[in-house]
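**Q** Okay, handing you the structure first.
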Amino acid sequence: MVSPCVLKSSGAGVQTLETEVLIIGGGVTGAGIMRDLALRGIQTLLVDKQDLCAGASGGNHGLLHSGGRYVSNDQHAAIECRIENEILKRLAPQCVEETGGLFVAVKGDDMAFADTFPGLCQTAGIQVEELSPAEALAVEPHLSKDLIKAYRVPDATIDPFRLALENVAHARAFNDSVYQPHTQIVGFITKNGLITEAVCRNNKTNATIHIRAKQFVNAGGAWAMNIAQLAGCTDVHLSYSKGTLLISHDRMADHVVNRLRPPADGDILVPGGTVSVLGTTSIRTEELDSVIPTVAEIDRNVIEGSAMIPALATARYIRAFSRVRPLLQGAGAGDDREATRGFALLNHTTQGLENFCTITGGKLTTFRQMAQKTSDLVATRMGNTTGCQTKTIPLPKDDACRWTEPGAAPRYWYKENNPEDMILCECEMVPQSAIDEIIKCAPDTDEEMTLEAIALRSRAGKGPCQGSFCGIRIASYLYDCGYYQDETGLIHMKDFFNERFKGMRTVIWGQQAAQMELAEALHCGLLGLDTLDND
Amino acid sequence: MIEEARYFETELAVIGSGIAGCAASIFALNKKITTAQVGNTGAVAYTTGYLDLLGKLEGDKGAIDNPWDAITALKDRCPDHPLNGISAADIRAAFNEFTAFLGECGIAYSSPGDSNITALSPAGTLKKTLCVPATMAAGPKAFAAKTACVIVDFKGLKGFSGKQVVANLHKQWPTLKAERIVFPEMLSGEIYPEVMARALEVEKTREALAESIKAVAGNAKVIGLPAVLGMHNPDFIKTELERLTGFEIFEIPTMPPSVPGIRLRELFEQVFPEKGIILIPQQKVSSLTFDDDSATLSLTDNHGPITIKAKAVILATGRFLSGGLEAHITGINESLLNLPVTQPAKRDDWYFEQYTDSRGHAIHKAGIEIDDSFRPIGEDGRPYHERLFAAGIILAHQDWIRSRSGAGIAIATAYKAVEAVDNFLHA
Amino acid sequence: MSDQKTTTLNFKELAMELLPEGASFEACLTCGLCSSGCPASGLENMDPRKFIRMALLGMDEELSTTPWIWCCTQCKRCQHVCPMNIDISQLVFIARGNWPQEKKPSGIVRSCELIRSTDSTSAMGLPPEDFIFVVDDVLKEVRETQTGFEKLEAPMDKPGTHFFVNQNSREPMSEPDEMVPLWKIFDMVGADWTYSSKGWAAENFCMFSGDDDAWYKVIKTRVDAVNKLGCKVWLNTECGHSYYTMWNGIHKFNMDVNFKLESLVTYYAQWIREGKLPVNSDWNVNNIKFTVQDPCMIVRKAYGDSIADDMRFVVKKLVGEENFIDMQPNRSANYCCGGGGGFLQAGMTDHRRAYGKRKFDQIAATKAAYVLTPCHNCHSQMEDIGHFYGGDYGVVHFWTLICLSLGILGENERTYLGPDLLALLD
């Protein structure tokens, strides 16, 4: 096995790895299973075809539901959320900001719906407190003056990137479990009702890797059906819903603000450290891989969002993103937001496989419970009786994982007060030392971390310039350290700017148009990244 | 409190202080047209110092060696391109006049040649440009001849790594090396190119730097530095440093905040008033109105209101970065007079999906329309006013970024706009 | 040490409230031009861009307590070079005001207290009667000892004059003879002027302490004094911030004022143009080189380039066109020397000198033997950094050189002349 903190050449040809359990999919669920099994003494290898949180885990509001959102249509889900919300606040406080949440109705909203809300919350055991419009405006001054009803619930925010990183880091520290990015499953080798090996491709080097394991867990999220089919399983039935969200430059509200009405477009605004996340839209899609926001979705969110918070109409937006939610099929008609939030764990025994399971559906808030259920199955199959520990053992803080938290880097840097530790990302104030630590120690086993991989593990590139300056500064720093040594560094720059741009494309107006003109003049006009020959 | 409003009368008022606005003032000065120039000066500080004419045709990946031939090709490729109506002779004359002016003021430039120069970028990539400042000229020459060269960079300077330049050029330039030194008296912490440039205006600093360079030069014949060779008299600083070290020296432009742009900005702010131009830098015009015999510009600076009456106005307010154009969620508009803006039908068409798509993005071709005499076209399809002219990258149908033509468009259109103003004033 | 805690301000909200839309903190492109051209960059590991970003990242506690705000002289150069025209100095002002009085640099606080201790509004606490006495005493001596000035006037509390002239406390307090050249200039041009025993002083450290209320009271005393005497023009002496504090304060506090605010520099230029001050550079036979330092407070922050051009006109007349070397950058783009904002009084000597190193380099680059500046804080700071960094330039007031050129500089009025200039007078 590769040692996680050492960057080691993967070499050419076919490589075979061995592990007790192979977990496929580096979303929060996969990361959660990795930790859960580690705590039971089971060693795992977690792979992702891209990197941690590349799917829905990284493309959501970052909302730790109190359950309030589901009380009207799914009491069961509401209760699940309430329980998990309390557990995560207690055991993973470094990933959670206890913002509290508001449910607000404005003039024109259905009052009958609003009036049933507190009762439904109480049924689900969720604390709820009515605020007068004046009280609500006092705590959230940017709320609409047309506010007519407001309730406070224990919603919170959660950083899915840090959550995944910390889960992986804990598993790694606990029993040398390993995470390996850019590793895509291309097939399975089965024998006598058991999968013996997964055949994988390294998406960066195109090398083939065989992974032998006793148990195989498919935590592929939206890709779970495709992965299951590779193993010949036809019992996973998913349909897909595309959601689009956008990020404002400023934190527009301190609470999670939900529209008090049946779930619809642009009705949740969630603070994410120094920014706010507005969303979401919901449309059916068949496309899984290159989903990008459209102008129509952005405009829809802005229009709907400004009914709750009028300043959203004129705010500076720095980014938008889309992701695909897997919907368990047969979950009922109507809006895709409804009745599809449950998760499914399939043991595939009816498909003739005894050591393969698939976990999909669900939501960020209940990831731990999903991981627990899956790990229970895996452990039972392996004869391990230790039982789940994640309900009681706090998630430890890992230094190399702390950089995703907004404001953490500058606070650390300011306290250290070391003029030699220069800020490389000026927007989010990420210093050189953070980049050093990420490259050396953050979960990743790649030989050469890309700028995207560094950005995923920090706040670099998340501010108003969206990486246009820091991409250059970090690259030049890495060349300087001898970490990048040839033209691939330029490709990393180009890929990074292209990747950041995907999120900006639909929100380039106002100040952002000025920012982008400057960025493009620099990247293309001066550096000529539009003429690099790597396509 | 009793205050006096300030009032000026001139023949020409130039709105905008980028390359186009400053070029217009220079051309007007040479034609002895009395001129006032107003406008936010910030964005000019981002220029690299290279003066591009045409480095790439939109949609092509390859670079252009001969911009003059390429301009001919432009006529087919982009029939409405603002450079199309301008003769090669005029473009050359415009560049000559502009660079001669800068040269007289302490920033000498190479003359516009018959082909593009292959210049260096801070990432170790190459860029085609028409004219380079004297302080940067030895770089392209050394690259062409593959002369033994050391790129010297500085502890504490972010975003510029000699090793990066070498890593990306060493295949083409095997004798290129990188060395790091400490800038004299700046031992710790972050240092900015601007600070170094100003420090190098002091003889003692130059002497100390020369010693440090000599210590790491090895067998190099040429030394490359980030652009820090002085702020207001770079040619002199470069010559001095060459004398002190015995090496030929050149600069490579750096990422913002960089010196070459600040140099130009400070040069214009220094020289224009001395030459009789009424310069009101760093202020935006709040209104522009016309009557039968003049145009009136109103603005306010720290000290109160200013009114300028002029016979003719050149609008050179730039694009989004400089504020000439505004992008809104609903569309693009021109910020001062609300002139009609030619633009993509909807916001979704502004950008391709891939940022570095070699075709370039449609948003950059948005802009205002002009007639043959460089008068902006108004709502009714006719010139907005006989006294109003326009120049620079606010004009539609060009993508200055992707075609590496920002200075070319600015200088050539300013030349023609001033010519049109001159004809109008003296008809 | 006091244990009083500093209240935490919400900088982002304050910026949104105070700064115009499109030029507030959220408009920042993070390009760094501000920090690149700021002499306070690096001090306390801070710079203007970091200030903006920290505000937007919610680091209010750090911003509320960083001593950097006392290193930022609020010279507004960052705003001047910002393509988005973002003003940071207003927030620095508020941050200063928010510090508990006990924690603020005691030099600034004490100066503000002294200003408010007498009707003089003098930062050195010189009471009206002492000011009257000193002026009278010096005037008597000049009349007695200097030929041609037997009838020299220094009117006090004379109602209805055209000019109300203020006076920096440093002269009456520690170098009274330095007042005389200006009196001589007034005498020569036939100015109708007066001092006032109230509100005469030309300092306002209350502004630097971020204390709005105290600032207002100081200005109020001065405005009342001018109004009481019924003068047409409040004429600011060779001092930078005393102009700004009055001019900006009157706007800021929306005060009703019936007179004009003018700077002495403008009048020097006007009187020379009108021939009332027949200065020339014939005396400069050795071609001694001079440069000027533009005080931020009257140039970039107030008049703009027009007053800077007046300064240059005056200097060139005084020393000869070929003997004037302009400092770079200059006029509105000029660097603050580090004497402003109360930095000289704040007791942060190392920081102040590190800040001043850039100005020292700029002076050194001119190779001038003298720096002329119409600002007392600039004057002191440039002298200090000159000594500290081993420069061999002198710093002189305009009035000194004007009287030198006119051949009327008395023997006791030559404190700031070096041997090269003194030699010319022998």
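The values are calculated or read from the model by the stated rules, or taken from the named source; none is laboratory data. A quick note: this is a predicted structure, and the numbers were derived from the prediction, not measured. Neighbour counts run over all protein chains shown; Cβ positions are idealised from the backbone, glycine included.
**Q** For residue B:326, are the conditions met, namely being over 20 Å from residue B:291 (Cα atoms), under 24 Å from the mean Cα position of the chain (by Cα) and without any contact (Cβ under 8 Å) to a residue 24 or more places away in the chain?
**A** yes
**Q** Scan region C:202-218 and give yes if some residue there is in a helix (DSSP H, G or I), modelled with pLDDT of 95 or more and basic (Lys, Arg), otherwise no.
**A** Within region C:202-218 (the criterion being in a helix (DSSP H, G or I), modelled with pLDDT of 95 or more and basic (Lys, Arg)), the answer is yes, since at least one residue qualifies.
**Q** Working only within region B:243-273, note down all residues that are assigned to a helix (DSSP H, G or I), touching a residue at least 12 places away in the same chain (Cβ under 8 Å), over 30 Å from residue A:520 (Cβ atoms) and more than 9 Å from chain C (Cβ to nearest Cβ).
**A** Filtering region B:243-273 for residues assigned to a helix (DSSP H, G or I) gives B:243-245, B:259-273.
From what's left, touching a residue at least 12 places away in the same chain (Cβ under 8 Å): B:244-245, B:259-272.
Those left that are additionally over 30 Å from residue A:520 (Cβ atoms): B:244-245, B:270-271.
Correct list: B:244, B:245, B:271.
**Q** Let me ask you something else. What's the total number of residues in region A:267-304 that are in a loop (DSSP other than H, G, I, E, B), closer than 30 Å to residue C:54 by Cα and either of a type in the set (A, V, I, L, M, F, W, C) or more than 14 Å from every other protein chain (Cβ to nearest Cβ) (or both)?
**A** So the answer is 2.
**Q** Hey, can you tell me all the residues within region B:46-69 that are in a helix (DSSP H, G or I) and either crowded, with 22+ Cβ neighbours inside 10 Å or in contact with an Asp or Glu (Cβ under 6 Å, 6 or more places away or on another chain) (or both)? Break it down into steps so the answer makes sense when it comes.
**A** Residues of region B:46-69 that are in a helix (DSSP H, G or I), as a first pass: B:46, B:67-69.
Listed by number, the residues that qualify are B:46, B:67.
**Q** With the requirement that a residue be within 15 Å of residue B:184 (Cα to Cα) and either free of Cβ contacts under 8 Å to residues at least 40 places away in the same chain or part of a strand (DSSP E or B) (or both), what does region B:213-225 give you?
**A** B:214, B:215, B:225 - these are the residues of region B:213-225 that are within 15 Å of residue B:184 (Cα to Cα) and either free of Cβ contacts under 8 Å to residues at least 40 places away in the same chain or part of a strand (DSSP E or B) (or both).
**Q** I'd like to verify a number: residues in region B:267-309 that are of a type in the set (Asp, Glu) and in contact with a Pro (Cβ under 6 Å, 6 or more places away or on another chain), how many?
**A** So the answer is 1.
**Q** Among (1) more than 12 Å from every other protein chain (Cβ to nearest Cβ); (2) assigned to a helix (DSSP H, G or I), where does residue B:183 come up short?
**A** (2)
**Q** Now for a separate question. From the list A:54, A:112, which one is of a type outside the set (Ser, Thr, Tyr) and either touching a residue at least 40 places away in the same chain (Cβ under 8 Å) or closer than 19 Å to residue A:259 by Cα (or both)?
**A** A:112
**Q** Additional query: Do we have residue B:360 as more than 12 Å from chain A (Cβ to nearest Cβ) and in contact with a helix residue (DSSP H, G or I) (Cβ under 9 Å, 6 or more places away or on another chain) here?
**A** Judged against the criteria, residue B:360 is not a match.
**Q** Which ones in region B:300-322 are within 8 Å of another protein chain (Cβ to nearest Cβ) and either outside any loop (DSSP other than H, G, I, E, B) or surrounded by 20 or more Cβ atoms within 10 Å (Cβ to Cβ) (or both)?
**A** Scanning region B:300-322 gives B:301, B:319, B:320, B:321, B:322.
**Q** Also, quick follow-up: In this structure, is residue B:121 among the hydroxyl-bearing types (Ser, Thr, Tyr) and away from every other protein chain (no Cβ under 13 Å)?
**A** Spelling it out, it is not the case that residue B:121 is among the hydroxyl-bearing types (Ser, Thr, Tyr) and away from every other protein chain (no Cβ under 13 Å).
**Q** Next up: Does residue A:515 meet the test of being within 10 Å of chain B (Cβ to nearest Cβ), without any contact (Cβ under 8 Å) to a residue 24 or more places away in the chain and either of a type in the set (S, T, N, Q) or in contact with a Pro (Cβ under 7 Å, 6 or more places away or on another chain) (or both)?
**A** The answer is no for residue A:515.
**Q** Hey, another quick one. Quick one: residue A:486 ticks every box in (1) at the interface with chain B (Cβ under 9 Å from one of its Cβ atoms); (2) part of a helix (DSSP H, G or I); (3) charged (D, E, K, R) bar one, so which box is it?
**A** Only one criterion is unmet by residue A:486, namely (2).
**Q** When you go through (1) touching a strand residue (DSSP E or B) at 6+ places or on another chain (Cβ under 9 Å); (2) farther than 24 Å from residue A:251 by Cβ; (3) within 11 Å of another protein chain (Cβ to nearest Cβ); (4) not aromatic (Phe, Trp, Tyr) one by one for residue A:443, which number turns out not to apply?
**A** The one condition residue A:443 does not meet is (3).
**Q** Given (1) in a strand (DSSP E or B); (2) on the phi > 0 side of the Ramachandran plot, identify the lone condition not met by residue A:232.
**A** Single failed check for residue A:232: (1).
**Q** Let me ask something else. Of the conditions (1) in contact with a Gly (Cβ under 6 Å, 6 or more places away or on another chain); (2) without any contact (Cβ under 8 Å) to a residue 40 or more places away in the chain; (3) more than 13 Å from residue A:426 (Cβ to Cβ); (4) more than 9 Å from every other protein chain (Cβ to nearest Cβ), residue A:461 satisfies every one except a single condition; which number is it?
**A** Looking at each condition in turn, residue A:461 falls short on (3).
**Q** If we keep just the residues of region B:377-414 that are closer than 20 Å to residue B:340 by Cα and of a type in the set (D, E, K, R), which is nearest to the chain's Cα centre (by Cα)?
**A** B:399
**Q** Of the residues B:326, B:334, which is within 13 Å of chain A (Cβ to nearest Cβ) and buried (at least 18 other Cβ atoms within 10 Å of the Cβ)?
**A** B:326
**Q** Hey, another quick one. What's the number of the condition residue C:214 fails, among (1) within 21 Å of residue C:117 (Cα to Cα); (2) out of contact with any Lys or Arg (no Cβ under 9 Å at 6 or more places or on another chain); (3) not β-branched (Val, Ile, Thr)?
**A** Unmet condition: (2).
**Q** Of these, B:23, B:43, B:13, which one is in a helix (DSSP H, G or I) and either away from chain C (no Cβ under 14 Å) or surrounded by fewer than 24 Cβ atoms within 10 Å (Cβ to Cβ) (or both)?
**A** B:23
**Q** Given the residues C:306, C:263, which is the only one that is within 14 Å of chain B (Cβ to nearest Cβ) and modelled with pLDDT under 95?
**A** On the way: C:263 fails: modelled with pLDDT under 95.
That would be C:306, the only listed residue that is within 14 Å of chain B (Cβ to nearest Cβ) and modelled with pLDDT under 95.
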